[in-house]
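The block underneath contains the structure these notes are about, expressed in structure tokens.
The values are calculated or read from the model by the stated rules, or taken from the named source; none is laboratory data. If you're wondering where the values come from, they're calculated on a predicted model, not measured in any experiment. With ideal geometry, Cβ positions are generated from the backbone for all residues, glycine too; neighbour counts draw on all protein chains shown.
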Amino acid sequence: MTSNLEGVFAASVTPFDDDGIPALHLLSTHLRYLETNGCDGALVLGTTGEGPSLGLDERLSILEATAAERGDLLLMAGTGAASLADAITLTRKAFDLGYDGVLVVPPFYFKSASLEGLYLFYAELINQAVPEDGNLFVYHIPQVSGVPVEGELIRRLRDTYPNQMAGIKDSSGSVENMQMLCSDEFEGFRVFTGNDTLLADTLAEGGVGAITAMANVFPRRLREVFDAHRDDLPTDQAQARLTGLREKATSIGPSLASVIKALLYLKGLLPNDYVRPPLRRLDEAEEAELRKQFDL
């Protein structure tokens, strides 16, 4: 397994055909676009990939198809689920296929789950599905999941599973939370931001990169920020360009995933803009505004 996961990752979309069936044959084209435009890796079946909206068999088939077309990309798999059994099945499959890591959102149905209950979920998952050298990243996106990943949970899991507990994707958008995760208390814990506007700040605090929706469409903008930081150059201008794109995207439409699909479609990078319910496509007014904002 790859222990030095870092850099620019796309929270990759899941292409669908016009009937809403995962279009596995389109995965290779999108992965090559990411690979040739600055991405170090891709996360499949995350929030932007609509993982929780897909059935178990669909998710397994997408894991297989992506692994077969990975090229030189590092791969992470979103294997979280409300069901522990499904999370175990998906996580085992990902590691069997050679994925470099898994990203696991907390079980999200029981919003008032206790710290002990969440610990038991992750502990059982690691015991049954994560190899000794496997990389598990927890996924903190409380505005979507409704279940935060608190610092105390991370401490307990790191104490028990120091080899497998590799890091976190923090999509909360909280500067304070990001700084806490990057502090000396969590030394060696790999922090990816899920919010493009915080990439430069996260890297400056000791984070390792970004896993974001915007990298599907504008991977070179994230690459510019990452490379400037790596080369000890100012990141202000590159970050401002990236932040402007993210702010435009989040100002339009019902969801960021819908906007990303629409952008890919309008740029000719996907044959349609289908998103699976409960998400929906942009309506005519939203699409018109998207075209205006992004000069399409």
Single condition residue 190 does not satisfy, out of (1) closer than 25 Å to residue 100 by Cβ; (2) loosely packed, with under 15 Cβ neighbours inside 10 Å: (2)
Qualifying helices (runs of 4 or more DSSP H) (wholly inside the stretch 200-296; at least 3 residues being surrounded by 19 or more Cβ atoms within 10 Å (Cβ to Cβ) and of a type outside the set (Val, Ile, Thr)): 219-230, 236-250, 256-266
Total residues in the stretch 116-144, condition assigned to a helix (DSSP H, G or I), free of Cβ contacts under 8 Å to residues at least 40 places away in the same chain and not polar (S, T, N, Q): 10
Members of the stretch 56-73 that are in a helix (DSSP H, G or I), among the aliphatic types (A, V, I, L, M) and touching a residue at least 12 places away in the same chain (Cβ under 8 Å): 56, 60, 62, 63, 65, 67
Count of residues meeting criterion [more than 16 Å from the chain's Cα centre (by Cα) and of a type in the set (S, T, N, Q)] in the stretch 124-162: 3
Candidates 145, 61, filtered to the one that is surrounded by 14 or more Cβ atoms within 10 Å (Cβ to Cβ), in contact with a Phe, Trp or Tyr (Cβ under 8 Å, 6 or more places away or on another chain), among the polar types (S, T, N, Q) and modelled with pLDDT of 95 or more: 145
Qualifying positions in the stretch 161-179 - over 19 Å from residue 43 (Cα atoms) and touching a helix residue (DSSP H, G or I) at 6+ places or on another chain (Cβ under 6 Å): 161, 178, 179
When residues of the stretch 74-96 are limited to those that are touching a strand residue (DSSP E or B) at 6+ places or on another chain (Cβ under 8 Å) and part of a loop (DSSP other than H, G, I, E, B), the one surrounded by the fewest Cβ atoms within 10 Å (Cβ to Cβ): 80
Sole residue being surrounded by fewer than 24 Cβ atoms within 10 Å (Cβ to Cβ) and either assigned to a loop (DSSP other than H, G, I, E, B) or in contact (Cβ under 8 Å) with a residue 60 or more places away in the chain (or both), chosen from 27, 43, 34: 34
Criterion: without any contact (Cβ under 8 Å) to a residue 60 or more places away in the chain and within 19 Å of residue 52 (Cβ to Cβ) - qualifying residue of 96, 86: 86
